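Since the structure comes first, as structure tokens, the remarks are kept for the end.
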Amino acid sequence: MKIAILGATSQIAKDLILSFSKKNGTEFSLFARNIELLEEWVNNKNLN
């Protein structure tokens, strides 16, 4: 499943990403104004 999320650094988006990332085959396109913050969060959660 492919999912695009706008505003990926919001808490709602982060919870959604974590929920859907547990399913195999989920691919995300994440969009955020603060790319560095998003990259740091993704790396801390081992989602890359």
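Readers should treat all values here as calculations from the given coordinates under stated rules, not as data from a laboratory. From a predicted model like this one, the values you see are computed outputs, not experimental measurements. So basically every Cβ, Gly included, is an ideal-geometry build from the backbone, and we count neighbours across all protein chains shown.
Of [x] 28; [y] 22; [z] 45, which one was derived for percent of Cα pairs over 17 Å apart from the structure shown? Computing percent of Cα pairs over 17 Å apart and matching it to [x] 28; [y] 22; [z] 45 gives [y]. Taking the helices alone, the chain has a mean residue ellipticity at 222 nm of -13000 deg cm²/dmol, built from -39,500 (n - 2.57) per DSSP H run of at least 4 residues and averaged over all its residues.
Taking 0.36 nm per residue of separation and subtracting the current Cα-Cα distance, fully stretching the chain between Glu27 and Ile3 would add 8.0 nm. Put +1 on the Cβ of each Lys and Arg and -1 on the Cβ of each Asp and Glu in the chain; which of Phe28, Ala8, Trp41 then has its Cα farthest toward the positive end of the dipole? Highest projection toward the positive end goes to Phe28.
The trypsin sites (Lys or Arg not before Pro) found in the chain that occupy coil by DSSP, while having at most 11 further C-beta atoms within 10 Å, are Lys22, Lys23, Arg33.
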